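Trainee: Structure in structure tokens, see below.
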Amino acid sequence: MKSRSRRNFLSNGLALGCSLAASPLFTPMTFASAPWENRLVVIILRGGMDGLDVVRPVGAPEFADLRAHALDDGGHDLDGFFALHPALGGLMPLWQEGDLGFVHAVSTPYRDKRSHFDGQDILEAGSGEASAGRIRDGWLNRLLQNVPGAHAETAYAIGRADMLLTRGAARIADWSPDAALSLSPQAERLLETVMHDDPLFRDAVTEALTLSAADVAEANGQDESDDGDTMGGMQNMMQKARSGARPETIASFAAKRLRGDTRIAAFSLNGFDTHARQRAGLPRALDQLQKAILTLKQELGPVWGKTAVVAMTEFGRTARVNGSGGTDHGTAGAMVLAGGAVRGGRVVSDWPGLDEAALYNRRDLLPTRDLRAHTGWMLRGLFGVEAQLLESTVFPGLDLGGNPGLIL
Amino acid sequence: MFDPEHAEIRFGCGLSPRIAPVASVPDMLARLKGPDTAARRFDIPSLEAFRPEALKFKALQDAFYFTKNPAEKAEAKKAFQAGSKVMRHQAYRWFGQMILRRALGEDGMRERLMAFWADHFTAQGRDIISRTVQIIYVEEAIRPHVSGRFADMLKAAITHPLMLIYLDQHRSIGPNSRAAKRKPEKKRGLNENLARELLELHTLGVGGPYTQDDVRQLAELLTGLRFTVEDGFVFVPARAEPGAETILGKSYGGDTPALSDIHAVLEDLAAHPATARHLVQKLAVHFVSDTPDPALVDAMTARYRDTGGDLHEVYAEMLNHPAAWDFTRRNVKQPIDFMGSSLRALDISPRHVQRVRPGKILVNLVTPLTLMGQQWARAPGPDGWPEEDAQWITPQRLAARLQWAMDVPFRLRRVLPDPRDFVGTALGRDAPEAVRFAASAAENRAEGVGLVLASPAFQRM
């Protein structure tokens, strides 16, 4: 059985008494007290989530004209003005408990060109538009670079996507549950032998095998048969990688790390670029987000109370529906906040209105605030990060402005 | 000093059971100067030759985008998707040719230099056609110049259509140019992207001796660089900013914009001492060690300056320097080097790559590279792939290398060598005892071969 074979590997490692002790996962350093108690999960929603469809301003007089369909498909009333997309209905209990909130009519400083690539780069770099493409590390990495006591396990990038958000000089652990190795017990033992004298490789392979063992045991519940057959391993890995790890698997892995020494986890979800037939496409993407949040809540247990989840996207979409039942790339959108550490039950917004003159370029929801300010205040509320560090380094050029009070 | 096996492992594409290693430093240098036999044997077409196909595909793409009638649009979509598939398969074929050069070429160092300089001049497309063209860009703008003058490579790369697209130069237009004045309502203007990367990445280096004003002036001088689908690269004086520009204290151009002024500044930038230092440091880090001996860097820099940026001379200096042969500190192979040298050690045959369905190339080679962290032709930014070993050997990326090493050799070849022999084939006479033992103790050939490829002794160069 797969998990048992990995336990064999681990106990053999312990018997040898060297490799595991040298692994960053197992050194006392790793268990040194983490810099913070609170937890943050950052979810990048790729493709440009339509904030106006997810958190619907049904109380705005123009909304019926812009989005007729959204008035009769079973959305959930939030506060009398905004209603939640029906595909996120499973999150309503969180809203009622104050563990779910939204920020509306916000965007990055990116304007007018509306390219996914540039928009995501600016979102993840945390930079202003002037420095687009100039900043080559992500804001989460720059935060970690400036936190005394942060170590490799403090932050985890999860999934296959290479995220600019976490790229940079600070070491941030990465793993994707679908990267789990599938090797015979004998091959695992011999790998240990050939890696033994090279610390870089030895530590990485020990972590990979440990994480693989945990994933297999946790994700499957039961083990597949593993009679030394490795022929399908790469194919499995690639098939899983192509379809992408399921959001529950990713969230479950994140929860497991966050229950331990990890304080920040980041991953991304795709599928928000709804140019056509949005009524069919957006629910699929939102379902992933809902599953990720509900899995986090369930598996974090008591740690959920110390956790803030923030989901953000590169831009919103056009106010009007296009000819194919979709929406095109726009400007302002919404952020989704969840977790016991969040002051939920509110839609935080300096609402700009939807009449044509109020729209950005007469086509998009007008951004009334920089979403980096909300993110910055969350980092301040959760981790006590200095305002000066936020404005100069994490989000260079940002004016934090007033505290929106997103964190309890 | 020189050692044939170390030469192939560190400067070439690894050891092969079929191809004898290089005999000496002069032999290595002579091969670099000699005819490009690998490119002839595993050819990749020119942009010229590919153009008709690209135009045909562009017509399908336009038909799909611009058709409004729903019934026609469905048809157009089908044709477009079929066309996209053809383009993708085309790109897999060329990728196959590229990897075969590494596996079977007689001049491994040329392949490594090509990858190095292609990374230095990273240019990538964002749509299907320009993505497909990436490998042609490297073939045309980089490969012919890897052992020539740096200035020539610089000119070829900077004026190539793919670079102009990638760094937005094709959108840049002189604010006082005839074209801008003709249509002032379009408010088109300067884009500094290429000018900035040209100074920061391609020549002087980060923190080099230039100012924002130099960037701005260079951006003005570069206006007029453009391309058309029909003609490829063109210089369009009507889009160029009139008047002279001052860059690093020297004046270029005059009232009549000319391509020769742009060539002049590229020559001067190539000859700049800061450029010499920047390029040589990168070369030494890439080929020798993440922390190269300063004496090696100094010697190579001096040779660059003395020869006016003759890269062949710079390589000669490197290969004749004892520090280049210090095998105690070894770099980790990047995924493409790992894969290429694995296939070379496995003595793959051209038919294993050329005569299989394109989907097999995707599954066995292209996708695994992505899982190892190096998605082909998609570097994270214009600064290319990272050099630091620790960036490549993370648990997730290493897992992909190990899984590939255990599975794919068998799926490619079906008949695998005896792992006990393969140790020597892949690692040469330095093969560590632990790897010899693992290869002999493996349960089956696939795992034995996989363990050899997985060993740090093989994954370092």
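The values are calculated or read from the model by the stated rules, or taken from the named source; none is laboratory data. As the structure is a computational prediction, the values presented were derived from the model and not from experiment. No Cβ is skipped: glycine too gets one built from the backbone with ideal geometry, and neighbour counts run over all protein chains shown.
Trainee: Only one of B:Arg188, B:Arg143 is closer than 22 Å to B:Thr223 by Cα and among the basic types (Lys, Arg); which? Give the steps one after another, and end with the answer.
Mentor: On the way: B:Arg143 fails: closer than 22 Å to B:Thr223 by Cα.
So the residue among B:Arg188, B:Arg143 that is closer than 22 Å to B:Thr223 by Cα and among the basic types (Lys, Arg) is B:Arg188.
Trainee: State the number of residues belonging to the range B:425-434 that are more than 8 Å from chain A (Cβ to nearest Cβ), farther than 15 Å from B:Thr328 by Cα and either crowded, with 24+ Cβ neighbours inside 10 Å or more than 28 Å from the chain's Cα centre (by Cα) (or both).
Mentor: 3
Trainee: Here are some residues: A:Glu62, A:Glu153. Which one is of a type outside the set (S, T, N, Q), touching a residue at least 12 places away in the same chain (Cβ under 8 Å), farther than 21 Å from A:Thr375 by Cβ and away from every other protein chain (no Cβ under 14 Å)? It would help to see each step written out before you state the result.
Mentor: Working: A:Glu153 fails: away from every other protein chain (no Cβ under 14 Å).
From the options A:Glu62, A:Glu153, the qualifying one is A:Glu62.
Trainee: Where in the range B:353-423 are there helices (runs of 4 or more DSSP H), lying fully within it, with 3 or more residues that are within 11 Å of another protein chain (Cβ to nearest Cβ) and surrounded by fewer than 19 Cβ atoms within 10 Å (Cβ to Cβ)?
Mentor: Details: elements: B:358-361, B:367-371, B:389-392, B:395-413.
Hits in the range B:353-423: B:389-392.
Trainee: Restricting attention to the range A:136-145, does a residue exist that is under 24 Å from the mean Cα position of the chain (by Cα), facing chain B (nearest Cβ under 8 Å) and modelled with pLDDT under 90?
Mentor: Going residue by residue through the range A:136-145, those that are under 24 Å from the mean Cα position of the chain (by Cα) are A:136-145.
Checking the rest, the ones that are also facing chain B (nearest Cβ under 8 Å) come to A:136.
The next check asks that each one be modelled with pLDDT under 90; those that pass are A:136.
Among the residues of the range A:136-145, at least one is under 24 Å from the mean Cα position of the chain (by Cα), facing chain B (nearest Cβ under 8 Å) and modelled with pLDDT under 90, which makes the answer yes.
Trainee: Related question: Report those helices (runs of 4 or more DSSP H) wholly inside the range A:150-268 carrying at least 1 residues which are at pLDDT below 85, within 21 Å of B:Pro409 (Cβ to Cβ) and not hydrophobic (A, V, I, L, M, F, W, C). First the steps, then the outcome.
Mentor: On the way: elements: A:185-195, A:199-220, A:233-243, A:247-259.
Filter on the range A:150-268 gives A:233-243.
Okay, residues lined up against (1) in contact (Cβ under 8 Å) with a residue 60 or more places away in the chain; (2) β-branched (Val, Ile, Thr); (3) farther than 15 Å from A:Leu143 by Cα:
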site	(1), (2), (3)
A:Gly344	yes, no, yes
A:Arg380	no, no, no
A:Phe395	yes, no, no
A:Gly401	no, no, yes
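Trainee: Still on this structure: Hey, A:Thr368 hits all of (1) over 30 Å from A:Pro93 (Cβ atoms); (2) over 23 Å from the mean Cα position of the chain (by Cα); (3) polar (S, T, N, Q) but one; which does it fall short on?
Mentor: Only one criterion in (1) over 30 Å from A:Pro93 (Cβ atoms); (2) over 23 Å from the mean Cα position of the chain (by Cα); (3) polar (S, T, N, Q) is unmet by A:Thr368, namely (1).
Trainee: Condition first: assigned to a loop (DSSP other than H, G, I, E, B) and at pLDDT below 85. Now tell me which residues in the range A:115-129 satisfy that.
Mentor: Of the range A:115-129, the ones assigned to a loop (DSSP other than H, G, I, E, B) are A:115, A:126-128.
Residues satisfying the conditions are A:Ser115, A:Gly128.
Trainee: Residues of the range B:37-84 being crowded, with 18+ Cβ neighbours inside 10 Å and free of Cβ contacts under 8 Å to residues at least 60 places away in the same chain, which ones?
Mentor: Scanning the range B:37-84 gives B:Leu60, B:Phe64, B:Ala76, B:Phe80, B:Gly83.
Trainee: While we're on this one: Looking only at the range B:435-447, filter to residues that are under 19 Å from B:Ser342 (Cβ atoms) and part of a helix (DSSP H, G or I); which one of those is farthest from the other protein chains (Cβ to nearest Cβ)? Please lay out each step first, then the result.
Mentor: Step one: list which residues in the range B:435-447 are under 19 Å from B:Ser342 (Cβ atoms), which gives B:435-436, B:438-439, B:442, B:444-447.
Keeping just the survivors that are part of a helix (DSSP H, G or I) gives B:435-436, B:438-439, B:445-447.
Working: B:Val435: 5, B:Arg436: 10, B:Ala438: 4, B:Ala439: 9, B:Arg445: 12, B:Ala446: 7, B:Glu447: 5 Å.
Of everything passing the filter in the range B:435-447, B:Arg445 is farthest from the other protein chains (Cβ to nearest Cβ).
Trainee: If you don't mind, another one. In this structure, is B:Met87 closer than 30 Å to B:Val423 by Cα, without any contact (Cβ under 8 Å) to a residue 60 or more places away in the chain and either part of a helix (DSSP H, G or I) or among the small types (Gly, Ala, Ser) (or both)?
Mentor: no
Trainee: Restricting to the range B:227-255, what's the tally of residues that are surrounded by 12 or more Cβ atoms within 10 Å (Cβ to Cβ) and basic (Lys, Arg)?
Mentor: 1
Trainee: Can you find a residue in the range B:180-203 that is more than 14 Å from chain A (Cβ to nearest Cβ) and either in contact with a strand residue (DSSP E or B) (Cβ under 7 Å, 6 or more places away or on another chain) or acidic (Asp, Glu) (or both)?
Mentor: Yes, the range B:180-203 has at least one match.
Trainee: Let me ask something else about it. Considering only the range B:1-71, give the helices (runs of 4 or more DSSP H) lying wholly within it that have at least 2 residues that are more than 30 Å from B:Glu230 (Cβ to Cβ).
Mentor: Counting at least 2 such residues, we get B:25-33, B:37-41.
Trainee: Still on this structure, I have one more. Taking the stated definitions as given, is B:Ala157 buried (at least 23 other Cβ atoms within 10 Å of the Cβ), in the same structural domain as B:Leu29 (by TED's automatic domain parsing) and part of a helix (DSSP H, G or I)?
Mentor: Details: buried (at least 23 other Cβ atoms within 10 Å of the Cβ): yes; in the same structural domain as B:Leu29 (by TED's automatic domain parsing): no; part of a helix (DSSP H, G or I): yes.
Taking the combined requirement at face value, the residue does not satisfy it.
Trainee: Exactly one condition in (1) surrounded by fewer than 18 Cβ atoms within 10 Å (Cβ to Cβ); (2) closer than 16 Å to B:Met153 by Cα; (3) acidic (Asp, Glu) is false for B:Glu197; which is it?
Mentor: Failing condition for B:Glu197: (1).
Trainee: Sticking with this structure for a sec: Within the range A:153-192, how many residues are more than 17 Å from A:Ile44 (Cα to Cα) and surrounded by fewer than 20 Cβ atoms within 10 Å (Cβ to Cβ)?
Mentor: Count: 5.
Trainee: What number of residues within the range B:169-192 are assigned to a helix (DSSP H, G or I) and either assigned by TED's automatic domain parsing to the domain that holds B:Pro382 or surrounded by fewer than 21 Cβ atoms within 10 Å (Cβ to Cβ) (or both)? I'd like the intermediate steps shown before the answer.
Mentor: Initial filter on the range B:169-192 (assigned to a helix (DSSP H, G or I)): B:169-171, B:178-182, B:184-186.
Going one step further and asking which of them are either assigned by TED's automatic domain parsing to the domain that holds B:Pro382 or surrounded by fewer than 21 Cβ atoms within 10 Å (Cβ to Cβ) (or both), we end up with B:170-171, B:178-182, B:184-186.
Matching residues across the range B:169-192 total 10.
Trainee: State whether the residues of the range B:254-267 include one that is in a helix (DSSP H, G or I), without any contact (Cβ under 8 Å) to a residue 24 or more places away in the chain and in the same structural domain as B:Tyr210 (by TED's automatic domain parsing).
Mentor: yes
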